[in-house]
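Here the structure comes first, spelled out in structure tokens, and everything after it is commentary.
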Amino acid sequence: MGVGEEPAAPVGRRAREVCERGTRLYEAARAVLDDHARALEAVRSALAPLKDELVARELESIPVARLKDATEGRLRLAAVEAAGFTTVRAVHEASRYELRRVPGVGAQTADQALAAAHQIAAAVAETVSVRIDVDRPEPRTTALVVALHRLVEAGPELRRAVDTAGRLEGELAELLPAARPATGRLRLALAGRSRREAALAATTRLSALAAEAESAGTGLELAQASTDLLRGPASEIEAWVDFELRSAEYYSQLAEVSAHRTDEAAAEGFLPSEVAERVRAQPLDDTHRRVSLRGYQSFGARFALAQRRVVLGDEMGLGKTVQAIAALAHLAAEGHTHFLVVCPASVLINWTREIRSRSTLRPVPVHGPDRRDAYAEWRERGGVALTTFDLLHTLPAPDGDGPGMLVVDEAHYVKNPDTRRARSIAAWTGTCERVLFLTGTPMENRVEEFRTLVRQLRPELLPGIRDSDAVAGPHAFRRAVAPAYLRRNQQDVLTELPAVLHVDEWEAFGAADEDAYRAAVAAGNFMAMRRAAYAAPEKSAKLQRLRELVADAAANGLKVVVFSYFRDVLAAVGSALDGTALGPIAGNVPAARRQRLVDDFTAADGHAVLLAQIEAGGTGLNLQAASVVILCEPQVKPTLEHQAVARAHRMGQVRPVQVHRLLSPDSVDERLLRILNDKSRLFDAYARRSDTADATPDAIDVSDADIARRIVEEEQRRLAAEPAG
């Protein structure tokens, strides 16, 4: 074959071998699609009765007179209503025969009434959200959790395998019949010219497709997906335990399967159509990502990529971090190797853990005494460098091209252009083609701060950013600044998500924290170990993160309740918040006084903070005004945490509740979590669940003394083998 010539198309025996390989690939792809369809149908079948009940409940609250709205007032309903059909539900569940038996109701009226009721029911079905209550499992929700478990257990690789199978099935379904004449020389000779040319082209493409699939390991990918989908159903206990440990993944699958409709304009931040269309057209490669995205999260990552230099201002709790990681993962798939994240010291560990768990990217913390070595290693090997605002100026300024993307978390920290941290960020943004600022603070309330951020990102937009846009309302402001700003609110996009969002906030010990912790371990004082992070309040990393969370909540007008087992920790929190918090609610506070504190908290206009001892505030009180819960330390009894969160997350709560648990790595906190999250404990708890266990939390909790002794001994051994500092 000469240089530049096309390889000869397989003919005869070679063509038959190519078609056999293509057929095997087609059958594997088809099997994955069929298995996936059956798994989805199992979820939909389990979901249907739950959704039907919610729809019926909604229709029960709608008076039958509303049917006129669906027919523009043409429907006469007096006779229908007089016959006892007083709600839309009653009409929706009636048959045509039943309605026609009503005196004064003819065939046309019956048909119109039923059609209008079905139309309203369909609209309601698009808006209702099924909640899965882990504390009150019943047969129907159990069936749904078991069906979802199959999809969740298969992991994000399943989505890639299904996408691959879909592409292959579509192309192979056309290529295989077209290539068939080439499998025999006589058959090919008898085919007409156009069919002969099509057959040869098809076998060439089939051969290339089979080779590509073999090189990419597609056969193994499809086989693994089918294996995952064909596993026997999990036991009820196994499914519920898994749901408790990773409920967000279950809800993500549920939203995808149910195709729950959200307000598209709200999910896209009320962007103008031309910007939204550009963002939708932006591809998002998930090769280096280990987590599925919600629709609005995918849009946020695409926005960062399509618009290049932007502020992502989603309300707290919507997953700005994972959207940033998705954008980095896409750029890594395109060949970019170096990325930089700048954040407050209080969230550096969280970023490290999130990057490691949600992507295949390599986090490189550039922090502490070895930061220059870490920075040099990052420059040489690549990855995601993570550093803080206060250390950025100590790193060598970039020479030439900057990283593939610069991410600045809590970007409102650089609102003052005269500060050193703002100047350091400006030096880096000037070298980066792509910059992503993250902030949960609503910029429409702080237009001058927004101008400061945009000055570093898109200075050409500054003349068009006016105070009058903010005065006109948040939607008008967001449209005006659409090229550089995207914000979504919880109430707009979390309608199908769990009512409780759990976030673990990992904060490394400072020097004073660690000294107090080591002293407590040496003394074998378990309780002192648990609160060592607050021993030096002015230098406490946990308190610093708590202040940031409260400030975010204040910026969004959210109420916060702070729980701790220890009164002295609550006292430190109260001082850190400058005495603005209510409480604390503690064991020695009379019941009437506790209720007055809750009433004052509930009645406060907008943001407020309430402090409570977890054993005193976690039972008997209704704290549903709170939509942010902060746990100062993990509890020995997980039921204490569940009861405390349940005070806020209960009937009447209209917003998702965010639960932030403050944790210190390499400490009693991490060991407690490892023990309490152990699946065998949870299996035991569910297997033994009974009225007694539900009524008495101690009935399913491990012994406090056993846990304390075990952790103290383990920490004493660890620290004895590890030098201080």
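Scan segment 511-531 residue by residue and report those that are small (Gly, Ala, Ser), in contact (Cβ under 8 Å) with a residue 60 or more places away in the chain and either surrounded by 17 or more Cβ atoms within 10 Å (Cβ to Cβ) or closer than 24 Å to residue 586 by Cα (or both).
Matches in segment 511-531: none.
Looking at segment 415-438, which of the residues that are modelled with pLDDT under 90 and in contact with a helix residue (DSSP H, G or I) (Cβ under 7 Å, 6 or more places away or on another chain) is surrounded by the most Cβ atoms within 10 Å (Cβ to Cβ)?
415
Is it true that residue 155 is on the phi > 0 side of the Ramachandran plot, in the same structural domain as residue 51 (by TED's automatic domain parsing) and not acidic (Asp, Glu)?
Yes.
What helices (runs of 4 or more DSSP H), lying completely within segment 244-293, carry at least 2 residues that are within 30 Å of residue 48 (Cα to Cα) and either assigned by TED's automatic domain parsing to the domain that holds residue 42 or free of Cβ contacts under 8 Å to residues at least 60 places away in the same chain (or both)?
247-258, 264-267
Checking the conditions here, which among 609, 598, 560 is aliphatic (A, V, I, L, M) and more than 29 Å from the chain's Cα centre (by Cα)?
Numbers: 609 fails: more than 29 Å from the chain's Cα centre (by Cα); 560 fails: more than 29 Å from the chain's Cα centre (by Cα).
Going through 609, 598, 560 in turn, just one is aliphatic (A, V, I, L, M) and more than 29 Å from the chain's Cα centre (by Cα): 598.
Condition first: without any contact (Cβ under 8 Å) to a residue 24 or more places away in the chain and either closer than 30 Å to residue 606 by Cα or assigned to a helix (DSSP H, G or I) (or both). Now tell me which residues in segment 533-550 satisfy that. Break it down stepwise before answering.
Of segment 533-550, the ones without any contact (Cβ under 8 Å) to a residue 24 or more places away in the chain are 535, 538.
538, the sole residue that qualifies.
Could you check segment 195-234 and list, in sequence order, the residues that are free of Cβ contacts under 8 Å to residues at least 12 places away in the same chain and either assigned to a loop (DSSP other than H, G, I, E, B) or crowded, with 21+ Cβ neighbours inside 10 Å (or both)?
217, 232, listed by residue number.
With 59, 54 as the choices, which residue is assigned to a helix (DSSP H, G or I), touching a strand residue (DSSP E or B) at 6+ places or on another chain (Cβ under 9 Å), surrounded by 13 or more Cβ atoms within 10 Å (Cβ to Cβ) and at pLDDT below 95?
59 is the lone residue from the list that is assigned to a helix (DSSP H, G or I), touching a strand residue (DSSP E or B) at 6+ places or on another chain (Cβ under 9 Å), surrounded by 13 or more Cβ atoms within 10 Å (Cβ to Cβ) and at pLDDT below 95.
For residue 115, indicate whether it is over 37 Å from the mean Cα position of the chain (by Cα), assigned to a helix (DSSP H, G or I), small (Gly, Ala, Ser) and surrounded by fewer than 17 Cβ atoms within 10 Å (Cβ to Cβ).
In short, yes.
Name the residue that is farthest from residue 127 (Cα to Cα), counting only residues in segment 490-508 that are modelled with pLDDT of 70 or more and in a loop (DSSP other than H, G, I, E, B).
Pass one, segment 490-508, residues modelled with pLDDT of 70 or more: 490-493, 500-508.
Checking the rest, the ones that are also in a loop (DSSP other than H, G, I, E, B) come to 507-508.
Working: 507: 39, 508: 42 Å.
Result: 508.
Got at least one residue in segment 684-698 being among the charged types (D, E, K, R), modelled with pLDDT of 55 or more and either surrounded by fewer than 13 Cβ atoms within 10 Å (Cβ to Cβ) or touching a Phe, Trp or Tyr at 6+ places or on another chain (Cβ under 7 Å) (or both)?
No, because not a single residue in segment 684-698 is among the charged types (D, E, K, R), modelled with pLDDT of 55 or more and either surrounded by fewer than 13 Cβ atoms within 10 Å (Cβ to Cβ) or touching a Phe, Trp or Tyr at 6+ places or on another chain (Cβ under 7 Å) (or both).
Please go through segment 576-597 and give me each residue that is within 18 Å of residue 550 (Cα to Cα) and surrounded by 13 or more Cβ atoms within 10 Å (Cβ to Cβ), ordered by number.
576, 577, 581, 582, 583, 584
Tell me, which helices (runs of 4 or more DSSP H) lie completely within segment 560-622 with 2 or more residues that are in contact with a helix residue (DSSP H, G or I) (Cβ under 8 Å, 6 or more places away or on another chain) and within 17 Å of residue 632 (Cα to Cα)?
567-576, 614-617
Assess whether residue 303 counts as being part of a helix (DSSP H, G or I), touching an Asp or Glu at 6+ places or on another chain (Cβ under 7 Å), assigned by TED's automatic domain parsing to the domain that holds residue 404 and surrounded by 17 or more Cβ atoms within 10 Å (Cβ to Cβ).
So residue 303 fails the test.
List the helices (runs of 4 or more DSSP H) that sit entirely inside segment 385-460 and contain at least 3 residues that are of a type in the set (D, E, K, R).
Filter on segment 385-460 gives 420-429, 447-457.
Every residue, every condition in (1) under 30 Å from residue 540 (Cβ atoms); (2) hydrophobic (A, V, I, L, M, F, W, C), yes or no:
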| residue | (1), (2) |
| --- | --- |
| 331 | no, yes |
| 373 | yes, no |
| 397 | no, yes |
| 403 | no, no |
| 412 | yes, no |
| 415 | yes, no |
| 421 | yes, no |
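Considering only segment 63-87, state which residues are closer than 23 Å to residue 123 by Cβ, assigned to a helix (DSSP H, G or I) and touching a Gly at 6+ places or on another chain (Cβ under 9 Å).
Matches in segment 63-87: 80 only.
Condition check: under 26 Å from residue 504 (Cα atoms) and modelled with pLDDT of 95 or more. Does residue 347 satisfy that?
Against the criterion (under 26 Å from residue 504 (Cα atoms) and modelled with pLDDT of 95 or more), residue 347 does not qualify.
Return the residues of segment 349-370 that are of a type outside the set (S, T, N, Q) and touching a residue at least 60 places away in the same chain (Cβ under 8 Å); say none if nothing qualifies.
349, 353, 358, 361
Taking the condition modelled with pLDDT under 90, out of contact with any strand residue (DSSP E or B) (no Cβ under 8 Å at 6 or more places or on another chain) and not hydrophobic (A, V, I, L, M, F, W, C), does residue 195 pass?
Spelling it out, residue 195 is indeed modelled with pLDDT under 90, out of contact with any strand residue (DSSP E or B) (no Cβ under 8 Å at 6 or more places or on another chain) and not hydrophobic (A, V, I, L, M, F, W, C).
Considering each residue of segment 330-384, count those that are of a type in the set (Ser, Thr, Tyr) and either part of a helix (DSSP H, G or I) or at positive phi (or both), and give that number.
Adding up the residues that qualify gives 4.
Confirm whether residue 554 is at pLDDT below 95, part of a helix (DSSP H, G or I), under 24 Å from the mean Cα position of the chain (by Cα) and farther than 24 Å from residue 354 by Cα.
Criteria met by residue 554.
Could you list, in sequence order, all residues of segment 312-326 that are buried (at least 24 other Cβ atoms within 10 Å of the Cβ) and either over 18 Å from residue 556 (Cα atoms) or modelled with pLDDT of 95 or more (or both)?
Of everything in segment 312-326, those that are buried (at least 24 other Cβ atoms within 10 Å of the Cβ) and either over 18 Å from residue 556 (Cα atoms) or modelled with pLDDT of 95 or more (or both) turn out to be 312, 323, 324, 325, 326.
Select, from 142, 164, 183, the only residue that is in the same structural domain as residue 244 (by TED's automatic domain parsing) and either surrounded by 21 or more Cβ atoms within 10 Å (Cβ to Cβ) or among the charged types (D, E, K, R) (or both).
Checking each option against the conditions leaves just 183.
Take segment 51-104 and flag every residue that is among the acidic types (Asp, Glu) and closer than 30 Å to residue 132 by Cα. If you could, list the steps in order and put the result at the bottom.
Step one: list which residues in segment 51-104 are among the acidic types (Asp, Glu), which gives 52-53, 58, 60, 69, 72, 81, 93, 98.
The answer is 52, 53, 58, 60, 93.
Which one of 116, 90, 42, 46 is touching a Gly at 6+ places or on another chain (Cβ under 8 Å) and in contact (Cβ under 8 Å) with a residue 12 or more places away in the chain?
90
The values are calculated or read from the model by the stated rules, or taken from the named source; none is laboratory data. Just so you know, these numbers come straight off a predicted model, no measurement behind them. Here the Cβ is made from the backbone with ideal geometry for all residues, glycine too, and neighbour counts use every protein chain on show.
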